[in-house]
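Student: Can you keep this structure in mind? I'll have questions shortly.
Nothing in this text is a laboratory measurement; each read-out follows from the coordinates by a stated rule. No experiment lies behind these values; they were computed from the predicted model shown. We place every Cβ from the backbone using ideal geometry, glycine too, and count neighbours over all the protein chains shown.
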Amino acid sequence: MRTLLFVADGPLDEAILPPIVATILKCRVISEFWAWKNIRLHRGRGYERKLSYLLRSASSRELDGIVAIIDADKDKRRNRVKSLRDGRKKARSGGLNLPAAVGQAVPHGEAWLIADADAVKAGLRLAADHKIPSPAATPDPKSVLTDLYRESPLSAERRADVWADIARRVEPARCRHKKETGYGAFQRDLNAEFRSSET
């Protein structure tokens, strides 16, 4: 079991990320979630400083690590994930060695869900032959998933709960287009950070 601080853009990320991480790490995850927009620092700006602050906070509270995700559709210059890596490196050089997995969902977290068509069909109770578009074939996986949800027998359920159920069913081996969606890079970073902390 690991107690992790998750940081991402919004409430659907809060639903999606913990089950995805639990599956990849093959352990139970207790999560706390912070939205990037709610992290306001008195001195300085930027994701490098925010990650350093989050690492200090998680360490002082004896959490097992942090998972920080940026959505590509909110990072037009494509430099935020680099800033997160720089913040992690700087924290390490300052002696703060808490695991910190970082990643970028392209264009957003729903791409990681529709990457596993079987998880979407099972989570939405759709027919086995229902067509789930590839995340590489659509510029807006969020709209695709929302449309599938509205057509499904679960359309009256709370969307965050349905997204979390789909996320629990996502199997890394079944995910399509890992490189294009950022899932593969995130999976590698997550394993590198948390597997190395076990040794």
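Student: Round to the nearest 0.05 the FRET efficiency obtained for Ile39 and Glu171 when R0 = 35 Å and r is the Cβ-Cβ distance.
Tutor: E between Ile39 and Glu171, to the nearest 0.05, is 0.65.
Student: Calculate, for Asn97 and Lys179, the FRET efficiency according to 1/(1 + (r/R0)^6) with r their C-beta to C-beta distance and R0 30 Å; round to the nearest 0.05.
Tutor: 0.55
Student: Right, another one. Where does the stretch 110-174 land on Rg(C-alpha)/(2.2 N^0.38 Å)?
Tutor: In units of the globular-protein estimate, the stretch 110-174 measures up at 0.98.
Student: Take the alpha carbon gyration tensor of the stretch 1-106, find the square roots of its eigenvalues, order them as a ≥ b ≥ c, and report rounded if a/c is under 1.5; if not, report prolate when a/b exceeds b/c, else oblate.
Tutor: Because a/c hits 1.5 or more and a/b fails to exceed b/c, the stretch 1-106 counts as oblate.
Student: Please rank His130, His108, fewest neighbouring Cβ atoms within 10 Å first, as an exposure proxy.
Tutor: So the residues, fewest neighbours to most, are His130, His108.
Student: Is there a quick way to get the dipole size of the chain? I mean about its Cα centre, with the Cβ of Lys and Arg at +1 and of Asp and Glu at -1; what is the value in debye to the nearest 20?
Tutor: Dipole size: approximately 940 debye.
Student: Output the 0 to 90 degree angle, nearest 10, between the alpha-carbon long axis of helix 11-25 and the longest principal axis computed from the alpha carbons of the chain.
Tutor: On a 0 to 90 degree scale, this one is about 80.
Student: Which FRET efficiency, nearest 0.05, do Arg195 and Ala136 yield, Cβ-Cβ r, R0 25 Å?
Tutor: 0.35
Student: Remind me, what semi-axes does the chain give for its equivalent ellipsoid, largest first in whole Å, using sqrt of 5 times each Cα gyration tensor eigenvalue?
Tutor: 30, 17, 15
Student: How do Glu110, Glu157, Glu62 line up, fewest other C-beta atoms within 10 Å first?
Tutor: Lowest count first: Glu62, Glu157, Glu110.
Student: Oh, and also: Quote the relative contact order of the chain in percent (integer), defining contacts as alpha-carbon pairs under 8 Å separated by 6+ residues.
Tutor: Across the chain, relative contact order equals 25 percent.
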